[in-house]
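Single-structure report; data block below.
Derivation of every value follows stated rules applied to the coordinates shown; laboratory data play no part. Quick caveat, the model's predicted, so the values are computed rather than measured. Note that we place each Cβ from the backbone using ideal geometry, even for glycine, and neighbour counts take in every protein chain shown.
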Amino acid sequence: MKPPRSFRAMVHGLGLTLLVAGMMSGSLAIQPAGGGQTQPRKETTVTTVPAVRVQAVVLEPIAESFEAVGSVRSRTTTVLSSKVVSYAREVLVREGDRVKAGQPLILLDDRALAAQLRRVEAALAEAQSAADEVEKAIAAAEAARVAAAAHKQFADATLRRYRLMLEQEAVSPQEFDAVLAKQQAAQAELARAEAMIKALQAKKRQVLAKIAQARAEMANAQISLEYTTIRAPIDAVVLERKVEPGMLAAPGVPLLVIEDARAYRLEVYVPESLLGDITLGMRVTLSLEALGRTGLVGTVAEIVPTADPTSRTVVVKVDLPSVAALRSGMYGKARFPKGERLAVLLPRSALVERGQLQSVYVVEEGQVARLRLVNTGKIYDDRVEILTGLQVGDKVIVAGVDRLVDGVAVEVIDR
């Protein structure tokens with residue numbers, strides 16, 4: 001008796017399901033037509049041994065240094081102010097202008113000082129006129145003195161003759177007394193002429209003193225008048241303009257700030273503990289990030305003798321080489337040499353970075369690559385300092401580390 005049709009269909013469907021499940025699980029063996037069981041197929045795996053380059057770990061001398069940061073400053077920064085009290089009449093420059101030494105920058109109101117100069121000039125002319133008059137009076141007095149001296153000399157001679165004649169009773173006493181009176185009058189006249197000369201000479205000295213004073217006042221007035229034109233003391237660039245026309249200018253009040261644009265320094269702050277490693281004239285490697293300039297070389301020009309009690313740092317000024325577009329206030333770095341030390345350096349290509357961990361592959365006995373954790377230090381161009389994790393003589397794989405796994409066999413080739 002045959003089973004029902006629906007039963008045969010159910011069995012047939014169940015057989016297909018088992019067949020598919022068996023194929024997926026790999027537990028079903030397909031029988032050949034002859035009834036014999038087939039042999040399982042063997043998979044052939046080809047292992048490729050990576051060829052790598054290695055570098056033996058050695059201690060290398062490296063230059064030790066430390067870095068300090070700071071700002072660019074001009075060697076000469078000048079704050080200009082007026083030496084006289086006056087109002088600004090005209091300001092001829094603005095921020096950023098480049099000026100030459102002696103160039104007028106600010107014009108002040110000079111009317112009062114010009115009037116003062118004219119008064120002093122008039123006083124000087126008056127004193128010089130008085131000096132001329134005194135010279136003429138002295139000349140006349142000198143002539144009068146000469147005449148008085150000659151008159152006295154004649155009176156003296158006449159008196160001597162009359163005295164002899166009086167002794168011989170050749171003249172009367174009255175005639176002798178008349179001659180004596182004339183001699184005394186001549187002597188008084190000479191004394192008066194000499195006194196006049198002395199008085200005139202004293203007056204001359206006074207007039208000459210007035211002339212000297214007037215000349216000094218005139219020079220002072222001229223200088224004060226020149227101060228109404230404020231000029232650039234050096235070739236410079238204008239940093240700040242603090243004055244406008246009409247403002248009162250007075251001594252000590254800043255008007256302009258200029259700096260020498262030909263010579264700049266980098267002022268860096270160095271910890272006081274490292275100050276012993278810095279000497280005047282030391283050559284320093286510099287970098288100016290704003291200008292994209294690195295590898296510049298400067299010279300230590302000044303070490304400020306006092307330290308900041310808050311930050312415990314000392315300002316060190318390094319002369320910068322001539323670089324276009326330098327400006328005060330730019331950020332810069334200076335690297336100071338600090339002797340040498342021994343360290344392990346490897347190419348950065350040898351590092352394997354996984355998250356926060358850094359490792360290298362070391363070739364051990366049997367030409368097997370082993371992953372080893374390391375701690376890194378400073379970076380020197382394309383090489384990195386290894387602080388811990390390696391020993392001198394270890395062979396580190398420096399190329400092809402991206403194709404390696406821990407424990408894989410490798411083939412070492414020459415570098």
> Using 1/(1 + (r/R0)^6) with R0 = 51 angstrom and r between the beta carbons of residue 388 and residue 79, what's the FRET efficiency to the nearest 0.05?
Replying inline: 0.40
> Taking the Cα atoms only, what angle lies between the long axis of helix 5-25 and the longest principal axis of the chain, rounded to 10 degrees?
Replying inline: 50 degrees
> How high is the FRET efficiency from residue 335 to residue 71, r the C-beta distance, R0 22 Å, rounded to 0.05?
Replying inline: 0.85
> Which value, in debye to the nearest 20, gives the size of the charge dipole of the chain about its Cα centre, when Lys and Arg are +1 and Asp and Glu are -1 at the Cβ?
Replying inline: 1420 debye
>> Net charge around residue 132, counting only other residues with Cβ within less than 14 Å of its Cβ (Lys, Arg = +1; Asp, Glu = -1)?
In response: +1
> So what are the ³J(HN,Hα) numbers for region 302-315, from phi and the Karplus equation (6.51, -1.76, 1.60; θ = phi - 60°), rounded to whole Hz, Gly and Pro as x?
Replying inline: 7, 10, 4, x, 10, 9, 6, x, 7, 8, 6, 10, 10, 7
> Out of 89, 53, 265, any idea which swings most in a Gaussian network model of the chain, alpha carbons joined below 10 Å?
Replying inline: 53
> Relative to the longest principal Cα axis of the chain, at what angle does helix 173-226 sit, 0 to 90 degrees, rounded to 10?
Replying inline: 20 degrees
>> What's the magnitude of the charge dipole for region 341-409 around its Cα centre, counting Lys and Arg as +1 and Asp and Glu as -1 at the beta-carbon? Answer in Debye, nearest 20.
In response: 120 debye
> If amide H atoms are built 1.01 Å from N in the plane of the peptide, which residues on other chains or at least 5 residues away come under 5 Å of the amide H of residue 106?
Replying inline: 92, 230
>> I want to check the label-to-label distance for residue 142 and residue 205. Put each point 7 Å from Cα in the C-beta direction and report it in nm to one decimal.
In response: 1.8 nm
> Given the convex hull of the Cα atoms of region 287-415, what is a quarter of its surface area in nm²?
Replying inline: 12.7 nm²
> Cross-link partners among aspartates and glutamates for residue 242, C-alpha distance below 19 Å, same-chain residues fewer than 8 apart left out?
Replying inline: 90, 95, 97, 109, 259, 260
> List the aspartates and glutamates whose alpha-carbon lies under 19 Å from that of residue 136, not counting same-chain residues fewer than 8 positions away?
Replying inline: 126, 194
> What percent do you get for the relative contact order of region 111-226 when only Cα pairs under 8 Å and 6+ apart count?
Replying inline: 51 percent
>> Tell me the Rg and the Dmax, in Å, that the Cα atoms of the chain produce.
In response: 55.2, 223
> In whole angstrom, and with the biggest value first, how far do the Cα coordinates of region 111-226 range along each principal axis?
Replying inline: 85, 15, 13
> What 222 nm value per residue comes from the helices of the chain, counting each DSSP H run with n ≥ 4 as -39,500 (n - 2.57) and dividing by all residues, nearest 500 deg cm²/dmol?
Replying inline: -12000 deg cm²/dmol
> If you average 1/r over all unlike Cα pairs in region 159-239 and invert the result, what Kirkwood radius do you get in angstrom?
Replying inline: 19.1 Å
> Distance from the Cα centre of region 318-332 to that of region 283-307, in angstrom?
Replying inline: 9 Å
> In debye to the nearest 20, how big a dipole does region 214-373 give about its Cα centre with +1 on each Lys and Arg Cβ and -1 on each Asp and Glu Cβ?
Replying inline: 460 debye
